[in-house]
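Before any comments, here is the structure.
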Amino acid sequence: MTKDGGIKIDVWVNEERLEKLKAAGLAEIAREKFAGMMVLEIACTEELKDALLRKYPSAKYDSSTTHSIELIPREVKDGIFSTALRLHSTGPEVIGQFLQEKKD
Amino acid sequence: MNNLGHNDKPVVEHIMKGEVEKKLHGLPVLPVRREIAHEVISMAYGFFTPVSGFMGRDEVTSTLSRMELPDGSLWSIPIVLDVKQEEIKRLGLKPSDSVLLEYLGAPLATLDIDEFFSYDLGKMAEMAYGTRDPKHPGVKRTMEYSGDFVAGRINLVNEPVFNEPFSEFWKTPLQHRQAFAMKNWKNVVAHQTRNVPHSGHESLMKQAWFAANEDMPVDEIHTGVLVNAIIGEKRTGDYIDEAILLGQDALRKGGYFKDNVHMVTFTLWDMRYAGPREAIFHAILRTNLGCTHHMFGRDHAGVGNFYKPYDAQDVLKAERDKLKIKPVFLRENWYCPVCNEVTNEALCGHENQSQNFSGTLIRSILTDGVKPTKRVMRPEVFDVVMSSADKYGFGSPFVTNEYLNSRQPVFNLQKMEVLAS
Ligand SMILES: [Zn+2]
(Lines give C-alpha, C1' and ligand atoms only; values in the text may rest on other atoms or scores of the structure.)
Protein backbone atom coordinates (compact mmCIF):
# COMPACT_ATOMS: atom_id res chain seq x y z
CA MET A 1 0.00 0.00 0.00
CA THR A 2 1.21 3.45 -0.77
CA LYS A 3 1.37 6.05 1.92
CA ASP A 4 -0.92 9.03 1.50
CA GLY A 5 0.72 11.43 -0.88
CA GLY A 6 3.08 8.81 -2.33
CA ILE A 7 3.31 8.44 -6.08
CA LYS A 8 1.22 5.57 -7.42
CA ILE A 9 -0.10 3.90 -10.50
CA ASP A 10 -3.71 2.73 -10.40
CA VAL A 11 -4.25 -0.50 -12.27
CA TRP A 12 -7.95 -1.17 -12.73
CA VAL A 13 -9.10 -4.64 -11.78
CA ASN A 14 -12.07 -6.33 -13.42
CA GLU A 15 -13.44 -9.81 -12.77
CA GLU A 16 -10.84 -11.53 -14.93
CA ARG A 17 -7.98 -9.77 -13.17
CA LEU A 18 -9.56 -10.35 -9.77
CA GLU A 19 -9.51 -14.11 -10.44
CA LYS A 20 -5.79 -13.93 -11.20
CA LEU A 21 -5.18 -11.92 -8.05
CA LYS A 22 -7.13 -14.47 -6.00
CA ALA A 23 -5.02 -17.27 -7.45
CA ALA A 24 -1.87 -15.38 -6.44
CA GLY A 25 -3.26 -14.72 -2.95
CA LEU A 26 -3.34 -10.98 -3.65
CA ALA A 27 -7.07 -10.37 -3.90
CA GLU A 28 -7.33 -8.53 -0.60
CA ILE A 29 -4.92 -5.80 -1.66
CA ALA A 30 -7.18 -4.68 -4.49
CA ARG A 31 -9.17 -1.74 -3.17
CA GLU A 32 -12.70 -0.77 -4.18
CA LYS A 33 -12.45 2.65 -5.76
CA PHE A 34 -15.70 3.49 -7.47
CA ALA A 35 -19.08 1.79 -7.89
CA GLY A 36 -17.65 -1.71 -7.62
CA MET A 37 -14.53 -0.99 -9.65
CA MET A 38 -11.36 -2.19 -7.91
CA VAL A 39 -7.84 -0.91 -8.29
CA LEU A 40 -4.41 -2.24 -7.52
CA GLU A 41 -2.26 0.65 -6.36
CA ILE A 42 1.32 0.15 -7.43
CA ALA A 43 3.77 2.32 -5.50
CA CYS A 44 6.34 4.32 -7.40
CA THR A 45 9.40 6.35 -6.41
CA GLU A 46 10.34 9.75 -7.81
CA GLU A 47 13.17 8.20 -9.90
CA LEU A 48 10.99 5.42 -11.28
CA LYS A 49 8.23 7.93 -12.11
CA ASP A 50 10.70 10.02 -14.11
CA ALA A 51 12.05 6.94 -15.89
CA LEU A 52 8.52 5.82 -16.75
CA LEU A 53 7.50 9.26 -18.07
CA ARG A 54 10.66 9.37 -20.20
CA LYS A 55 9.91 5.97 -21.68
CA TYR A 56 6.18 6.67 -22.24
CA PRO A 57 5.83 10.37 -23.08
CA SER A 58 2.03 10.14 -23.44
CA ALA A 59 1.77 9.46 -19.69
CA LYS A 60 1.16 12.34 -17.29
CA TYR A 61 1.78 12.68 -13.58
CA ASP A 62 -1.15 14.25 -11.77
CA SER A 63 0.74 16.07 -9.03
CA SER A 64 -2.19 18.13 -7.76
CA THR A 65 -5.08 15.77 -6.99
CA THR A 66 -4.57 12.02 -7.30
CA HIS A 67 -0.74 11.75 -7.20
CA SER A 68 -1.09 9.03 -9.77
CA ILE A 69 0.53 8.54 -13.15
CA GLU A 70 -2.26 8.70 -15.73
CA LEU A 71 -2.58 7.95 -19.45
CA ILE A 72 -0.12 5.08 -19.40
CA PRO A 73 -0.71 3.00 -22.57
CA ARG A 74 -2.93 -0.03 -22.13
CA GLU A 75 -0.23 -2.60 -22.99
CA VAL A 76 2.10 -1.03 -20.45
CA LYS A 77 -0.55 -1.28 -17.74
CA ASP A 78 -1.09 -4.93 -18.72
CA GLY A 79 2.66 -5.50 -18.33
CA ILE A 80 2.73 -3.77 -14.92
CA PHE A 81 -0.21 -5.92 -13.77
CA SER A 82 1.56 -9.13 -14.87
CA THR A 83 4.75 -8.07 -13.14
CA ALA A 84 2.87 -7.33 -9.89
CA LEU A 85 1.26 -10.75 -10.13
CA ARG A 86 4.61 -12.46 -10.76
CA LEU A 87 6.40 -10.66 -7.92
CA HIS A 88 3.41 -10.98 -5.55
CA SER A 89 3.87 -7.31 -4.76
CA THR A 90 2.54 -3.79 -5.24
CA GLY A 91 5.77 -2.13 -4.07
CA PRO A 92 8.10 0.04 -6.17
CA GLU A 93 10.11 -3.05 -7.18
CA VAL A 94 7.26 -3.85 -9.60
CA ILE A 95 7.95 -0.75 -11.70
CA GLY A 96 11.71 -1.26 -11.27
CA GLN A 97 11.50 -4.81 -12.57
CA PHE A 98 9.10 -3.86 -15.36
CA LEU A 99 11.38 -1.08 -16.64
CA GLN A 100 14.44 -3.36 -16.32
CA GLU A 101 12.79 -5.96 -18.53
CA LYS A 102 11.72 -3.31 -21.08
CA LYS A 103 15.34 -2.20 -21.36
CA ASP A 104 16.55 -5.56 -22.61
CA MET B 1 -46.88 20.58 -39.54
CA ASN B 2 -45.96 23.58 -37.42
CA ASN B 3 -42.34 24.31 -38.25
CA LEU B 4 -41.89 27.38 -36.11
CA GLY B 5 -38.52 27.58 -34.41
CA HIS B 6 -36.90 30.00 -32.00
CA ASN B 7 -38.99 33.12 -31.31
CA ASP B 8 -41.71 31.58 -33.49
CA LYS B 9 -39.70 32.21 -36.64
CA PRO B 10 -40.21 29.59 -39.36
CA VAL B 11 -37.46 27.02 -39.81
CA VAL B 12 -36.53 27.48 -43.47
CA GLU B 13 -33.85 25.76 -45.53
CA HIS B 14 -31.60 27.88 -47.72
CA ILE B 15 -30.55 25.48 -50.44
CA MET B 16 -30.07 26.37 -54.08
CA LYS B 17 -31.92 24.04 -56.45
CA GLY B 18 -31.89 23.55 -60.20
CA GLU B 19 -28.99 24.14 -62.62
CA VAL B 20 -26.75 25.02 -59.72
CA GLU B 21 -23.52 24.73 -61.67
CA LYS B 22 -24.73 27.23 -64.24
CA LYS B 23 -25.70 29.73 -61.53
CA LEU B 24 -22.29 29.48 -59.93
CA HIS B 25 -20.37 30.00 -63.12
CA GLY B 26 -17.94 32.90 -62.91
CA LEU B 27 -18.43 33.70 -59.22
CA PRO B 28 -15.30 34.61 -57.27
CA VAL B 29 -14.23 31.73 -55.04
CA LEU B 30 -13.47 32.15 -51.33
CA PRO B 31 -12.09 29.03 -49.60
CA VAL B 32 -13.30 28.59 -46.01
CA ARG B 33 -12.03 26.57 -43.05
CA ARG B 34 -13.87 23.74 -41.29
CA GLU B 35 -15.46 25.87 -38.56
CA ILE B 36 -17.02 28.18 -41.13
CA ALA B 37 -18.12 25.30 -43.37
CA HIS B 38 -19.90 23.69 -40.41
CA GLU B 39 -21.68 26.96 -39.63
CA VAL B 40 -22.70 27.43 -43.25
CA ILE B 41 -24.26 23.97 -43.31
CA SER B 42 -26.00 24.49 -39.97
CA MET B 43 -27.43 27.85 -41.05
CA ALA B 44 -28.55 26.52 -44.42
CA TYR B 45 -30.67 23.83 -42.80
CA GLY B 46 -32.15 26.18 -40.20
CA PHE B 47 -30.32 24.98 -37.08
CA PHE B 48 -29.62 28.65 -36.21
CA THR B 49 -33.09 30.03 -37.05
CA PRO B 50 -33.67 32.98 -37.32
CA VAL B 51 -30.00 33.57 -38.23
CA SER B 52 -29.54 32.63 -41.88
CA GLY B 53 -26.26 34.30 -42.72
CA PHE B 54 -23.07 35.71 -41.31
CA MET B 55 -23.77 38.67 -39.06
CA GLY B 56 -23.13 42.33 -39.80
CA ARG B 57 -21.82 44.88 -37.34
CA ASP B 58 -25.23 45.80 -35.86
CA GLU B 59 -26.16 42.17 -35.32
CA VAL B 60 -22.83 41.47 -33.63
CA THR B 61 -23.17 44.52 -31.40
CA SER B 62 -26.74 43.78 -30.34
CA THR B 63 -25.81 40.12 -29.73
CA LEU B 64 -22.92 41.15 -27.54
CA SER B 65 -24.45 44.07 -25.68
CA ARG B 66 -28.13 43.13 -25.39
CA MET B 67 -28.02 39.40 -26.11
CA GLU B 68 -30.55 39.81 -28.87
CA LEU B 69 -30.80 40.23 -32.63
CA PRO B 70 -31.98 43.56 -34.06
CA ASP B 71 -35.47 41.96 -34.47
CA GLY B 72 -35.62 41.35 -30.72
CA SER B 73 -35.00 37.58 -30.83
CA LEU B 74 -32.87 36.33 -27.96
CA TRP B 75 -29.39 35.51 -29.35
CA SER B 76 -26.13 34.99 -27.49
CA ILE B 77 -23.20 34.13 -29.75
CA PRO B 78 -21.89 36.09 -32.77
CA ILE B 79 -21.91 34.07 -35.98
CA VAL B 80 -19.23 35.75 -38.08
CA LEU B 81 -17.11 35.15 -41.14
CA ASP B 82 -13.67 36.72 -40.90
CA VAL B 83 -11.68 37.36 -44.06
CA LYS B 84 -8.26 38.78 -44.73
CA GLN B 85 -8.06 42.21 -46.38
CA GLU B 86 -5.72 40.74 -49.03
CA GLU B 87 -8.40 38.18 -49.89
CA ILE B 88 -11.07 40.88 -50.32
CA LYS B 89 -8.66 42.83 -52.56
CA ARG B 90 -7.54 39.76 -54.48
CA LEU B 91 -11.14 38.85 -55.31
CA GLY B 92 -12.15 42.50 -55.82
CA LEU B 93 -15.20 41.99 -53.59
CA LYS B 94 -17.70 44.74 -52.85
CA PRO B 95 -21.09 44.88 -51.12
CA SER B 96 -23.94 43.26 -53.11
CA ASP B 97 -21.49 40.90 -54.83
CA SER B 98 -22.04 37.18 -54.55
CA VAL B 99 -19.15 34.91 -53.75
CA LEU B 100 -18.84 31.14 -53.85
CA LEU B 101 -17.60 29.61 -50.60
CA GLU B 102 -15.42 26.59 -51.25
CA TYR B 103 -14.60 23.79 -48.83
CA LEU B 104 -12.58 20.59 -49.34
CA GLY B 105 -11.95 21.77 -52.89
CA ALA B 106 -15.66 21.74 -53.75
CA PRO B 107 -18.34 24.44 -53.92
CA LEU B 108 -20.26 24.71 -50.64
CA ALA B 109 -22.51 27.78 -50.65
CA THR B 110 -23.00 31.22 -52.06
CA LEU B 111 -22.71 34.28 -49.88
CA ASP B 112 -24.60 37.40 -50.94
CA ILE B 113 -22.50 40.15 -49.45
CA ASP B 114 -24.30 42.84 -47.43
CA GLU B 115 -21.45 44.48 -45.63
CA PHE B 116 -17.75 44.53 -44.81
CA PHE B 117 -16.77 45.65 -41.33
CA SER B 118 -14.00 45.42 -38.80
CA TYR B 119 -14.47 44.78 -35.09
CA ASP B 120 -12.35 45.08 -31.97
CA LEU B 121 -11.56 41.45 -31.21
CA GLY B 122 -10.68 42.00 -27.55
CA LYS B 123 -14.04 43.67 -26.99
CA MET B 124 -15.84 40.91 -28.89
CA ALA B 125 -14.14 38.26 -26.75
CA GLU B 126 -14.75 40.03 -23.47
CA MET B 127 -18.43 40.65 -24.13
CA ALA B 128 -19.09 37.11 -25.37
CA TYR B 129 -17.06 35.24 -22.78
CA GLY B 130 -16.78 37.66 -19.86
CA THR B 131 -12.98 37.54 -20.05
CA ARG B 132 -10.02 38.34 -22.27
CA ASP B 133 -7.97 35.49 -20.86
CA PRO B 134 -6.47 33.63 -23.85
CA LYS B 135 -6.69 30.40 -21.85
CA HIS B 136 -10.43 30.50 -22.51
CA PRO B 137 -10.87 28.54 -25.77
CA GLY B 138 -13.59 30.91 -27.01
CA VAL B 139 -11.38 33.93 -26.39
CA LYS B 140 -8.50 32.20 -28.17
CA ARG B 141 -10.76 31.47 -31.15
CA THR B 142 -11.95 35.09 -31.28
CA MET B 143 -8.45 36.54 -31.04
CA GLU B 144 -7.44 34.37 -33.99
CA TYR B 145 -10.02 36.04 -36.24
CA SER B 146 -8.52 38.46 -38.73
CA GLY B 147 -10.56 41.39 -37.34
CA ASP B 148 -12.17 42.03 -40.75
CA PHE B 149 -15.52 40.45 -41.42
CA VAL B 150 -17.94 39.94 -44.27
CA ALA B 151 -21.67 39.68 -43.66
CA GLY B 152 -24.40 38.25 -45.82
CA ARG B 153 -26.95 35.53 -46.41
CA ILE B 154 -25.86 32.11 -47.49
CA ASN B 155 -27.35 29.53 -49.82
CA LEU B 156 -26.10 25.98 -49.71
CA VAL B 157 -25.25 24.72 -53.21
CA ASN B 158 -23.83 21.32 -52.32
CA GLU B 159 -25.41 19.18 -49.63
CA PRO B 160 -22.91 17.30 -47.49
CA VAL B 161 -22.79 13.52 -47.87
CA PHE B 162 -22.07 12.11 -44.43
CA ASN B 163 -19.78 9.14 -43.98
CA GLU B 164 -20.71 6.28 -41.69
CA PRO B 165 -21.27 6.23 -38.79
CA PHE B 166 -22.36 9.90 -39.04
CA SER B 167 -24.82 9.20 -41.89
CA GLU B 168 -26.89 7.08 -39.50
CA PHE B 169 -27.28 10.01 -37.07
CA TRP B 170 -27.62 13.02 -39.36
CA LYS B 171 -30.96 14.83 -39.38
CA THR B 172 -31.79 18.36 -40.47
CA PRO B 173 -34.13 20.36 -38.22
CA LEU B 174 -37.09 19.54 -40.48
CA GLN B 175 -36.11 15.87 -40.44
CA HIS B 176 -35.91 15.98 -36.64
CA ARG B 177 -39.48 17.29 -36.57
CA GLN B 178 -40.65 14.56 -38.95
CA ALA B 179 -38.89 11.91 -36.87
CA PHE B 180 -40.55 13.18 -33.67
CA ALA B 181 -43.94 13.10 -35.39
CA MET B 182 -43.31 9.52 -36.58
CA LYS B 183 -42.64 8.52 -32.99
CA ASN B 184 -45.75 10.37 -31.79
CA TRP B 185 -43.67 12.50 -29.47
CA LYS B 186 -45.41 15.56 -28.11
CA ASN B 187 -42.63 16.44 -25.70
CA VAL B 188 -38.95 15.98 -26.45
CA VAL B 189 -36.15 16.70 -24.00
CA ALA B 190 -32.75 17.47 -25.49
CA HIS B 191 -29.55 16.16 -23.97
CA GLN B 192 -26.50 18.13 -25.04
CA THR B 193 -23.41 15.95 -25.12
CA ARG B 194 -19.79 15.54 -26.12
CA ASN B 195 -19.44 12.42 -24.01
CA VAL B 196 -19.63 8.69 -24.13
CA PRO B 197 -22.42 7.99 -21.62
CA HIS B 198 -21.64 6.57 -18.21
CA SER B 199 -24.40 5.44 -15.87
CA GLY B 200 -24.57 8.91 -14.29
CA HIS B 201 -25.46 10.44 -17.66
CA GLU B 202 -27.95 7.67 -18.34
CA SER B 203 -29.74 8.34 -15.05
CA LEU B 204 -29.80 12.09 -15.72
CA MET B 205 -31.55 11.46 -19.04
CA LYS B 206 -34.07 9.21 -17.32
CA GLN B 207 -34.74 11.80 -14.62
CA ALA B 208 -35.19 14.41 -17.35
CA TRP B 209 -37.64 12.17 -19.20
CA PHE B 210 -40.01 12.24 -16.24
CA ALA B 211 -39.67 16.00 -15.92
CA ALA B 212 -40.36 16.46 -19.63
CA ASN B 213 -43.38 14.15 -19.61
CA GLU B 214 -45.00 16.68 -17.25
CA ASP B 215 -48.70 15.98 -16.75
CA MET B 216 -49.20 13.70 -19.75
CA PRO B 217 -50.77 10.35 -18.92
CA VAL B 218 -48.39 7.41 -19.30
CA ASP B 219 -50.74 4.74 -20.62
CA GLU B 220 -49.38 5.74 -23.98
CA ILE B 221 -45.93 7.29 -24.24
CA HIS B 222 -45.57 10.64 -25.98
CA THR B 223 -42.24 11.85 -24.61
CA GLY B 224 -38.76 11.21 -25.93
CA VAL B 225 -35.13 11.96 -25.14
CA LEU B 226 -33.13 13.46 -28.00
CA VAL B 227 -29.41 12.98 -27.50
CA ASN B 228 -27.95 15.68 -29.73
CA ALA B 229 -24.17 15.46 -29.85
CA ILE B 230 -22.05 18.43 -30.84
CA ILE B 231 -19.69 17.50 -33.65
CA GLY B 232 -17.00 20.05 -34.41
CA GLU B 233 -13.55 21.04 -33.33
CA LYS B 234 -11.71 18.25 -31.51
CA ARG B 235 -8.86 18.56 -29.06
CA THR B 236 -6.53 15.80 -27.96
CA GLY B 237 -8.03 13.93 -25.04
CA ASP B 238 -11.67 14.47 -26.13
CA TYR B 239 -13.71 11.38 -26.93
CA ILE B 240 -13.61 10.59 -30.64
CA ASP B 241 -16.87 11.58 -32.39
CA GLU B 242 -17.65 8.05 -33.54
CA ALA B 243 -17.44 6.64 -29.99
CA ILE B 244 -19.77 9.38 -28.71
CA LEU B 245 -22.51 8.70 -31.27
CA LEU B 246 -22.25 4.91 -31.22
CA GLY B 247 -21.86 4.83 -27.43
CA GLN B 248 -24.99 6.93 -26.91
CA ASP B 249 -26.89 4.79 -29.41
CA ALA B 250 -25.80 1.62 -27.59
CA LEU B 251 -27.96 2.67 -24.62
CA ARG B 252 -31.06 2.19 -26.75
CA LYS B 253 -29.76 -0.81 -28.64
CA GLY B 254 -28.95 -2.42 -25.28
CA GLY B 255 -32.51 -1.77 -24.10
CA TYR B 256 -31.60 0.76 -21.39
CA PHE B 257 -33.99 3.04 -23.26
CA LYS B 258 -36.92 1.70 -25.27
CA ASP B 259 -37.01 2.36 -29.00
CA ASN B 260 -39.95 4.71 -28.57
CA VAL B 261 -38.33 7.06 -26.05
CA HIS B 262 -34.80 7.69 -27.33
CA MET B 263 -33.02 9.02 -30.42
CA VAL B 264 -29.43 10.05 -31.16
CA THR B 265 -28.50 12.79 -33.63
CA PHE B 266 -25.86 15.49 -33.93
CA THR B 267 -25.33 19.14 -34.78
CA LEU B 268 -22.28 20.58 -36.54
CA TRP B 269 -20.98 23.27 -34.20
CA ASP B 270 -17.69 24.20 -32.58
CA MET B 271 -18.18 24.53 -28.84
CA ARG B 272 -17.29 28.04 -27.66
CA TYR B 273 -17.41 27.01 -23.97
CA ALA B 274 -19.28 30.26 -23.36
CA GLY B 275 -21.03 28.87 -20.25
CA PRO B 276 -24.28 30.85 -19.80
CA ARG B 277 -24.27 32.27 -23.35
CA GLU B 278 -23.59 28.85 -24.79
CA ALA B 279 -26.47 27.45 -22.72
CA ILE B 280 -28.79 30.02 -24.34
CA PHE B 281 -27.42 29.05 -27.73
CA HIS B 282 -28.03 25.35 -27.06
CA ALA B 283 -31.58 26.12 -25.97
CA ILE B 284 -32.21 28.00 -29.25
CA LEU B 285 -30.60 25.25 -31.31
CA ARG B 286 -32.78 22.53 -29.82
CA THR B 287 -35.90 24.70 -30.08
CA ASN B 288 -35.22 24.74 -33.81
CA LEU B 289 -34.99 20.94 -33.84
CA GLY B 290 -38.49 20.82 -32.37
CA CYS B 291 -37.58 19.96 -28.78
CA THR B 292 -39.87 21.18 -26.00
CA HIS B 293 -37.42 20.72 -23.10
CA HIS B 294 -33.66 20.91 -22.61
CA MET B 295 -31.47 19.42 -19.90
CA PHE B 296 -29.07 21.73 -18.12
CA GLY B 297 -26.75 20.29 -15.51
CA ARG B 298 -23.91 21.62 -13.47
CA ASP B 299 -21.44 23.87 -15.30
CA HIS B 300 -23.20 23.57 -18.65
CA ALA B 301 -20.77 24.30 -21.51
CA GLY B 302 -18.32 25.86 -19.10
CA VAL B 303 -14.56 25.58 -19.08
CA GLY B 304 -11.98 25.81 -16.30
CA ASN B 305 -13.17 28.16 -13.56
CA PHE B 306 -14.47 30.88 -15.87
CA TYR B 307 -18.10 30.44 -14.81
CA LYS B 308 -19.77 29.44 -11.57
CA PRO B 309 -21.38 25.97 -11.66
CA TYR B 310 -24.95 27.28 -11.86
CA ASP B 311 -24.36 30.47 -13.91
CA ALA B 312 -25.92 28.86 -16.97
CA GLN B 313 -29.04 27.90 -15.01
CA ASP B 314 -29.32 31.48 -13.69
CA VAL B 315 -29.23 33.09 -17.14
CA LEU B 316 -31.77 30.58 -18.47
CA LYS B 317 -34.05 31.47 -15.61
CA ALA B 318 -33.61 35.18 -16.38
CA GLU B 319 -34.31 34.75 -20.11
CA ARG B 320 -37.08 32.20 -19.62
CA ASP B 321 -39.79 34.36 -21.30
CA LYS B 322 -37.82 34.63 -24.52
CA LEU B 323 -37.38 30.88 -24.92
CA LYS B 324 -40.00 28.45 -26.20
CA ILE B 325 -38.08 25.50 -24.79
CA LYS B 326 -38.40 24.65 -21.09
CA PRO B 327 -35.15 24.14 -19.22
CA VAL B 328 -34.94 21.00 -17.09
CA PHE B 329 -32.46 21.86 -14.35
CA LEU B 330 -30.52 18.97 -12.90
CA ARG B 331 -27.99 18.40 -10.16
CA GLU B 332 -25.17 15.88 -10.50
CA ASN B 333 -25.62 12.16 -10.19
CA TRP B 334 -23.31 10.11 -8.01
CA TYR B 335 -22.95 6.50 -6.98
CA CYS B 336 -24.02 5.87 -3.40
CA PRO B 337 -22.94 2.57 -1.79
CA VAL B 338 -25.61 3.00 0.91
CA CYS B 339 -28.48 3.57 -1.51
CA ASN B 340 -26.72 0.92 -3.62
CA GLU B 341 -27.50 2.84 -6.80
CA VAL B 342 -26.63 5.72 -9.05
CA THR B 343 -28.64 8.54 -7.54
CA ASN B 344 -28.88 12.31 -7.56
CA GLU B 345 -27.12 14.62 -5.13
CA ALA B 346 -30.39 16.53 -4.78
CA LEU B 347 -31.97 13.39 -3.27
CA CYS B 348 -29.40 11.13 -1.59
CA GLY B 349 -28.53 12.04 2.00
CA HIS B 350 -25.29 10.02 2.21
CA GLU B 351 -22.98 12.87 1.17
CA ASN B 352 -20.05 11.40 3.09
CA GLN B 353 -20.22 8.04 1.36
CA SER B 354 -21.10 9.27 -2.13
CA GLN B 355 -18.71 8.56 -5.00
CA ASN B 356 -18.61 11.11 -7.81
CA PHE B 357 -18.44 10.22 -11.47
CA SER B 358 -15.28 12.04 -12.42
CA GLY B 359 -14.23 12.37 -16.02
CA THR B 360 -10.65 11.56 -15.05
CA LEU B 361 -11.72 8.32 -13.41
CA ILE B 362 -13.82 7.10 -16.34
CA ARG B 363 -11.04 8.11 -18.72
CA SER B 364 -8.51 6.12 -16.73
CA ILE B 365 -10.76 3.02 -16.81
CA LEU B 366 -11.23 3.31 -20.57
CA THR B 367 -7.52 3.95 -21.16
CA ASP B 368 -6.79 0.67 -19.40
CA GLY B 369 -9.42 -1.03 -21.58
CA VAL B 370 -10.82 -2.75 -18.50
CA LYS B 371 -14.54 -3.47 -18.78
CA PRO B 372 -16.26 -1.38 -16.07
CA THR B 373 -19.01 -2.63 -13.77
CA LYS B 374 -22.58 -1.97 -14.98
CA ARG B 375 -22.93 0.70 -12.35
CA VAL B 376 -20.16 2.68 -14.03
CA MET B 377 -20.85 2.05 -17.69
CA ARG B 378 -23.06 -0.39 -19.57
CA PRO B 379 -21.09 -3.25 -21.16
CA GLU B 380 -22.75 -2.57 -24.54
CA VAL B 381 -21.51 1.03 -24.38
CA PHE B 382 -18.03 -0.06 -23.37
CA ASP B 383 -17.85 -2.64 -26.17
CA VAL B 384 -18.89 -0.19 -28.85
CA VAL B 385 -16.49 2.45 -27.52
CA MET B 386 -13.61 -0.03 -27.69
CA SER B 387 -14.55 -1.20 -31.17
CA SER B 388 -14.84 2.45 -32.28
CA ALA B 389 -11.37 3.03 -30.87
CA ASP B 390 -10.03 0.24 -33.12
CA LYS B 391 -12.10 1.15 -36.16
CA TYR B 392 -11.89 4.95 -36.10
CA GLY B 393 -9.55 6.06 -33.32
CA PHE B 394 -6.23 4.38 -34.22
CA GLY B 395 -6.65 2.22 -31.10
CA SER B 396 -7.78 4.98 -28.73
CA PRO B 397 -11.29 6.10 -27.73
CA PHE B 398 -9.70 9.51 -27.12
CA VAL B 399 -8.54 11.99 -29.71
CA THR B 400 -4.84 11.68 -30.52
CA ASN B 401 -2.71 13.65 -32.95
CA GLU B 402 -3.02 10.75 -35.36
CA TYR B 403 -6.83 11.05 -35.21
CA LEU B 404 -6.64 14.81 -35.74
CA ASN B 405 -4.40 14.39 -38.78
CA SER B 406 -5.71 11.23 -40.39
CA ARG B 407 -9.30 10.64 -39.26
CA GLN B 408 -11.90 9.88 -41.88
CA PRO B 409 -13.88 13.05 -42.66
CA VAL B 410 -17.34 13.56 -41.14
CA PHE B 411 -18.74 14.31 -44.59
CA ASN B 412 -17.71 14.76 -48.21
CA LEU B 413 -18.82 17.28 -50.80
CA GLN B 414 -19.42 16.30 -54.38
CA LYS B 415 -17.03 17.81 -56.86
CA MET B 416 -18.69 20.16 -59.35
CA GLU B 417 -17.66 21.32 -62.78
CA VAL B 418 -17.92 24.97 -61.86
CA LEU B 419 -14.56 25.26 -60.13
CA ALA B 420 -12.72 23.85 -63.10
CA SER B 421 -13.92 26.66 -65.34
ZN1 LIG C 1 -27.41 7.38 -0.63
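The values are calculated or read from the model by the stated rules, or taken from the named source; none is laboratory data. The structure displayed is predicted, hence computed values, not measured ones. Here the Cβ positions follow ideal geometry from the backbone for every residue, glycine too, while neighbour counts run over all protein chains shown. The area values use the complete protein model at the heavy-atom level, side chains included, leaving out ligands, DNA and RNA. Shrake-Rupley method; radii C 1.70, N 1.55, O 1.52, S 1.80 Å.
Couple of notes before you dig in:
- Qualifying lysines (Cα of each under 26 Å from Cα of residue B:324; at least 8 residues distant if same chain): B:9, B:171, B:183, B:186, B:206, B:308
- Ignoring aspartates and glutamates fewer than eight residues from residue B:140 along the same chain, the ones with Cα atoms less than 12 angstrom from its Cα are B:126.
- For residue B:398, the amide hydrogen comes within under 5 Å of the amide hydrogens of B:240, counting only partners 5 or more places away or on other chains and with H modelled in the peptide plane.
- Label zone at residue A:63 (point 7 Å along Cα-to-Cβ), backbone N below 12 Å, the stretch B:283-322: none
- Counting only residues at least eight positions apart within a chain, or on another chain, the aspartates and glutamates with an alpha carbon under 15 Å from that of residue B:89 are B:97, B:115, B:148.
- Dipole axis of the protein assembly as shown (+1 Lys, Arg; -1 Asp, Glu on Cβ), positive-most option in A:92, B:210, B:137: A:92
- Computed over protein heavy atoms with a 1.4 Å probe, the accessible surface of the stretch B:6-159 works out to 41 Å² per residue.
- Where the Cα pairs of the protein assembly as shown fall when distances are cut into 10 Å bins, in %: 4, 16, 26, 24, 16, 10, 4, 0
- Cα radius of gyration and Dmax for chain B (Å): 21.7, 71
- Translational D in µm²/s for chain A (Stokes-Einstein at 25 °C, 0.890 mPa s, Kirkwood Rh from C-alpha pairs): 178 µm²/s
- For chain B, the 222 nm mean residue ellipticity estimated from helices alone, with every DSSP H stretch of n ≥ 4 adding -39500 (n - 2.57) and the total spread over all residues, rounds to -10000 deg cm²/dmol.
- Cross-link table A:77/B:374; A:55/B:135; A:8/A:33, entries beyond 26 Å C-alpha to C-alpha: A:55/B:135
- Exercise: per-residue mean of other protein chain Cβ atoms within 10 Å, B:365-377: 6
- Residues whose amide H comes within less than 5 Å of that of residue B:354, counting only those at least five positions distant or on another chain, are absent (H built at 1.01 Å from N in the peptide plane).
- Amide hydrogen neighbours beyond the local backbone of residue B:148, cut-off 5 Å, H modeled: B:83
- Note on the protein assembly as shown: with neighbouring protein chains present and a 1.4 Å probe, carbon and sulfur make up 49 percent of its accessible heavy-atom surface.
- Note that the stretch B:115-164 shows a convex hull volume over its alpha carbon atoms of 130 Å³ per residue.
- Environment charge of residue B:96, counting only residues whose C-beta is closer than 13 Å and scoring Lys/Arg +1, Asp/Glu -1: -2
- At q = 0.08, 0.14, 0.15, 0.17 Å⁻¹, base-10 log of I(q)/I(0) for the stretch B:166-406 (Debye sum, equal scatterers on each alpha carbon): -0.29, -0.96, -1.11, -1.45
- HN-Hα J in Hz across the stretch B:296-304 - Karplus 6.51, -1.76, 1.60, θ = phi - 60°, x for Gly and Pro: 10, x, 5, 6, 4, 6, x, 8, x
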